[in-house]
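Visitor: Provided herewith is a single structure, encoded as structure tokens, for subsequent inquiry.
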Amino acid sequence: MSDQETIERVQQERHTANHDRLYQATKKEVDNNRLQAKPKPEPTYTELKASHDNHFLDQQIEMIRQELIDCVNEKN
């Protein structure tokens, strides 16, 4: 094999390795983006109802707390 052929073969091998490394890095990035872009499953009726009930109870507790604060302030 002549020196020129050897140089071309080495350059081709280097190109192939770099190309493969770049492909793998790009593929990994694309796969990561796909995983992040997956839509979240929609909440079920039970989950929505529990969330609503918790919010409603929080509002009621806050109203009672404010009434107690007002009541204590009026007595003073």
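No value in this document is a laboratory result; all are computed from the given coordinates. Just so it is clear, the structure is predicted and the values come from calculations on it, not from any experiment. Cβ coordinates were reconstructed from backbone atoms using ideal geometry, including for glycine residues, and neighbour counts include every protein chain displayed.
Visitor: What distance in nm lies between label points placed 7 Å from Cα along the C-beta direction at E42 and E74?
Guide: 4.7 nm
Visitor: What's the extension gain from N54 to N33 if we count 0.36 nm per residue and subtract their Cα-Cα distance? Provide the component values of the computation, followed by the final result.
Guide: Values: separation 21, 0.36 × 21 = 7.56 nm, distance 3.43 nm.
Residue separation times 0.36 nm, minus the Cα-Cα distance, leaves 4.1 nm.
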